[in-house]
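**Student:** After the structure tokens below, expect a handful of questions from me.
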Amino acid sequence: MAIPSLPTFFDMVYTKQDGHLAADGYLYNDQMFRVLNVLVVLVNSLSTSAIDDKQNVTLNGLNPPSKTTAEITALQPSVNNGTLFYNSTLKKLQFKADTGVIETITST
């Protein structure tokens, strides 16, 4: 799923005389909310974070997508170099190298 683009801002009547949103204002707000909501869901799926009582966000870690070896092999031709995966079959991190090959990150 691709992240949708933000709606184009245009000169519009944003509110009616009574202060309620006009049709164009309502549509713009709805489109903006949908795009921002997709981004929030994406960021929350990729990171482990905490928010303190002053609304400061602390990033505690990253969660790469978890895929099986078969899923990674099937994706290999279409993903960009540098793409990171957690291989749930091998229980290891893997990435697509500049050579186009999926490499496993190992520790010593």
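**Student:** Among (1) touching a residue at least 12 places away in the same chain (Cβ under 8 Å); (2) not in a loop (DSSP other than H, G, I, E, B), there is one condition Asp30 misses while meeting the rest; what is its number?
**Tutor:** (1)
**Student:** Can you tell me which condition Ala50 does not meet? The list is (1) of a type in the set (Gly, Ala, Ser); (2) part of a helix (DSSP H, G or I); (3) surrounded by fewer than 11 Cβ atoms within 10 Å (Cβ to Cβ), and all the others hold.
**Tutor:** If we test Ala50 against (1) of a type in the set (Gly, Ala, Ser); (2) part of a helix (DSSP H, G or I); (3) surrounded by fewer than 11 Cβ atoms within 10 Å (Cβ to Cβ), just (2) comes out false.
**Student:** Within the range 53-108, restricting attention to residues that are modelled with pLDDT of 90 or more and of a type in the set (Lys, Arg), which residue is surrounded by the fewest Cβ atoms within 10 Å (Cβ to Cβ)?
**Tutor:** Lys91
**Student:** Among the numbered criteria (1) surrounded by 12 or more Cβ atoms within 10 Å (Cβ to Cβ); (2) part of a loop (DSSP other than H, G, I, E, B); (3) among the aliphatic types (A, V, I, L, M), which single criterion is violated by Ile3?
**Tutor:** (1)
**Student:** Anything in the range 8-23 that is of a type in the set (Val, Ile, Thr), assigned to a strand (DSSP E or B) and within 19 Å of Arg34 (Cβ to Cβ)? List them, or say none.
**Tutor:** Within the range 8-23, no residue meets the criteria.
The values are calculated or read from the model by the stated rules, or taken from the named source; none is laboratory data. As the structure is a prediction and not an experimental result, all values here were calculated from the model. Glycine gets a Cβ as well: all are built from the backbone with ideal geometry, and neighbour counts include every protein chain shown.
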